[in-house]
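Take a look at the structure below.
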There are 2 protein chains.
Amino acid sequence: MAVARKPNAGVTELAKKTGLTKSRAYRLLHTMEQRRIIKRTSESTYGLGEAMLVLGITASTQTDVIRLATPILEELCQRVNETVQLRIVDGVEALCIAKAEPSRDLRVHANVGRRRPLYAGSPKCLLAFQPQEFIDRCVPLKPPALTAHTPKTRVAILEELTRIRRQGYCVSRGEVSDHQVSCAAPVFALDNSVVASIHVVAPAFRIRDSELEHIIRISTSAAERLSKSLGWSEDA
Amino acid sequence: MAVARKPNAGVTELAKKTGLTKSRAYRLLHTMEQRRIIKRTSESTYGLGEAMLVLGITASTQTDVIRLATPILEELCQRVNETVQLRIVDGVEALCIAKAEPSRDLRVHANVGRRRPLYAGSPKCLLAFQPQEFIDRCVPLKPPALTAHTPKTRVAILEELTRIRRQGYCVSRGEVSDHQVSCAAPVFALDNSVVASIHVVAPAFRIRDSELEHIIRISTSAAERLSKSLGWSEDA
DNA sequence: CCTATTCGTTTCACTGTACGGAACAAGAAA
DNA sequence: TTTCTTGTTCCGTACAGTGAAACGAATAGG
């Protein structure tokens, strides 16, 4: 997992990150390389290997969230005719684990595997429903201003999170990148925890208020359908 | 890996498959469950867990084959306007690790993570370039007749493999499922081994001989481009 | 050019971990 | 009932994997 988190790191660096001895780290890396769990990306830097790829792809067919989400994402994508993403929390970041893209020429490009900070833009939808202790750890005191619309203070972000919890969805207008609007809705599991979020991302000029409302309506409904198929049901 | 290969298996079954003691198997499963590498699918049956999903998705962004293939697959998909797949050998099967689908209504559906036997249809393209010893192990004496066009004998398959090696691509007309035509081309790595194959799958009625030739031409060229971007260069 | 660090790698004696075998409870089948 | 299965736990011991230290080979600094 340390290798995944920090690709192209060497033995010493990985040993430090994980708190292992250098010799232990070295030996672990050595045997994991033999088993193809990791591979050398250059002389003495490591990355995830082929075995991990195969296991991960297999995992995605055995995991409910992905299996059930795929058709829902595709339908949503077709209805809004914009790029759709499924994200989960990994570490202190949002990780895109599935996507669907429309075939129109001008669209926002999405990438499975890409990570984003949780405290800016539509990933806030994931953050909002995490334990307060986790939220406090994730939101920086001085969030970097990516665009003119990025919330400038920690307090502003925390207030936004409260609003998201209340209204049940999140809208970001050019917060993380200009000319981009995104809308996200939370996906609940049996225990009422939020396990993922569904995002619709679109070029800003195409989204007037009326379109935005339409997108909000059907993406929250898509997220709700996914929640229900995961066993969740609506109560306090 | 045993859990991946055989989902919904219990302790005893997994212990047998792996040659481990029952107590060892139990303890390994127990700690892997704590680390979220695997999860219980029911009382005492196991499947791959969330950690595996995250690692696998991360691996796919760190793996050259996938990263470089994605744009090539998408371009190929657009040019042939049919479903395109990227497959690798896993165990004695072909595993689909990436795909691209056109947006037209009638198309062959593909699924990342799906496995197919290596000895029938276009996966033969992968098999053809493996070591002879491996081929012998994979091709059954009496291959099951999936359709009227499935090769009926072991010898027929072996001859087909020779032809594939000679011509550098593989065509399957309804071998694994009626009304489906597929065409595959091998992807080479630096050491001239075949690491993957690019497949174009289409409904049979749409593919006349002239279209097929066109598909063969541009899919072999796509595979060649991918090979080259992996560091391969054409020599004996 | 010579230290001073840094890196990855290897050695070695030791110890604490993870092992196998057997026993256990709880079901299911005979 | 008995006799198979399951999954789970116990326990004494062997030995695998450990940490610390040493090693050679780089790179950086003065």
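Give the residue list of trypsin sites (Lys or Arg not before Pro) in segment A:75-136 that are DSSP loop and have at most 14 other beta-carbon atoms within 10 angstrom.
A:R104
Sort shortest first the distances from B:A145 to its counterpart in every other copy, using label points 7 Å along the Cα-to-beta-carbon line, and give them in nm.
B:A145 label point versus its equivalents elsewhere: 7.6 nm.
What average number of partner chain Cβ atoms lie no more than 10 Å from the Cβ of the residues making up B:87-95?
Whole-number average of other-chain Cβ neighbours for B:87-95 is 2.
Taking the 0 to 90 degree range and rounding to the nearest ten, how far is the long axis of helix A:64-80 tilted relative to the main principal axis of chain A, both from C-alpha atoms?
Between helix and principal axis, roughly 40 degrees.
At 7 angstrom along the Cα-to-beta-carbon line, where would the label on A:N8 sit relative to the other copies? Give the distances in nm, shortest first.
Label point to label point, same position, other copies: 4.4 nm.
Helix A:209-229: angle to the longest alpha-carbon principal axis of chain A, degrees 0 to 90, nearest 10?
The answer is roughly 60 degrees.
B:R107: net charge of surrounding residues, Cβ under 15 Å, Lys/Arg +1, Asp/Glu -1, itself excluded?
Spelling it out: positives minus negatives among the neighbours equals -2.
Give me the percent of DSSP beta bridges within chain A that run antiparallel, rounded to the nearest 5.
Given both bridge residues lie in chain A, the antiparallel proportion sits at roughly 100 percent.
For chain B, just give the cysteines left without a disulfide-compatible partner, judged by no other Cys Cβ under 4.7 Å.
B:C77, B:C96, B:C138, B:C183
For the pair A:D136/B:T41, report the inter-label distance in nm, with labels modelled 7 Å from Cα in the Cβ direction.
Here the modelled spin labels are 4.1 nm apart.
Suppose you put the label 7 Å out from Cα in the Cβ direction; list, shortest first and in nm with one decimal, how far B:R27 is from each other copy's label.
Label-point separations across copies, in nm and ascending: 1.7.
Note down the magnitude of the dipole of segment A:63-229 about its Cα centre, charges +1 on Lys and Arg C-beta and -1 on Asp and Glu C-beta and zero elsewhere, to the nearest 20 debye.
180 debye
Expressed as a whole percentage, what fraction of the accessible surface of the protein assembly as shown belongs to carbon and sulfur atoms when a 1.4 Å probe is rolled over the protein heavy atoms?
The value for the protein assembly as shown is 53 percent carbon and sulfur by accessible area.
Nearest 5 is fine: what % of DSSP beta bridges in segment B:66-174 come out antiparallel, could you say?
Beta bridges within segment B:66-174, antiparallel portion: roughly 100 percent.
Got a sec to turn the phi values of segment A:154-163 into Karplus ³J(HN,Hα) couplings, 6.51 cos²θ - 1.76 cosθ + 1.60 with θ = phi - 60°, whole Hz, x for Gly and Pro?
4, 4, 4, 5, 4, 5, 4, 4, 4, 4
Under 21 Å between C-alpha atoms is the cut-off here; go through chain B and count lysine pairs that meet it, provided they're at least eight residues apart or on different chains.
Number of lysine pairs found: 12.
Filter the trypsin sites (Lys or Arg not before Pro) in segment B:181-236 down to the DSSP loop ones having no more than 12 other Cβ atoms within 10 Å, then list what survives.
Loop-located and lightly packed - B:R208.
For a label point 7 Å from the Cα of B:E74 along Cα→C-beta, name the residues of segment A:50-88 whose backbone N is under 12 Å from it.
A:83
Could you please point out the chain A residue with its Cβ nearest to the axis of the rotation taking chain A onto chain B, and the distance in whole angstrom?
Of all Cβ atoms in A, the one closest to the rotation axis yields A:G56, 0.
Under a crude label model (7 Å from the Cα following the beta-carbon direction), how far is B:T147 from A:L158 in nanometres?
Going from the B:T147 label point to the A:L158 one covers 6.3 nm.
Under the definition of partner shielding as Cβ atoms of other protein chains within 10 Å of a residue Cβ, what is the mean value for peptide A:151-164?
That works out to 0 on average.
Amide H neighbours of B:A120 under 5 Å, counting only residues 5+ apart in sequence or on other chains, H built in-plane at 1.01 Å?
Long-range HN contacts for B:A120: none found.
When you look at the Cβ of every residue in B:105-113, what mean number of other chain Cβ atoms sits within 10 Å?
Per residue, the number of nearby Cβ atoms from other chains is 2 on average.
What are the residues whose amide H is under 5 Å from the amide H of B:V187, where those residues sit 5 or more places off or on another chain and H is modelled from the backbone?
So B:V187 has HN proximity to B:V195, B:A196, B:S197, B:I198.
Between B:D64 and B:R104, what is the label-to-label distance in nm when each label sits 7 Å out along the Cα-to-Cβ direction?
According to this spin-label approximation, the distance is 3.5 nm.
Between the DSSP loop rule and a limit of at most 11 other Cβ atoms within 10 Å, which GluC sites (Glu not before Pro) in segment A:1-105 are left?
For GluC sites (Glu not before Pro) across segment A:1-105 that sit outside H, G, I, E and B with at most 11 neighbouring Cβ atoms in 10 Å, the list reads A:E43.
The values are calculated or read from the model by the stated rules, or taken from the named source; none is laboratory data. Please read these numbers as outputs of a predicted model, since none were measured by experiment. All Cβ positions, glycine included, derive from the backbone under ideal geometry; neighbour counts span all protein chains shown. Heavy atoms of the whole protein, side chains included, go into the accessibility calculation; ligands, DNA and RNA do not. Shrake-Rupley method; radii C 1.70, N 1.55, O 1.52, S 1.80 Å.
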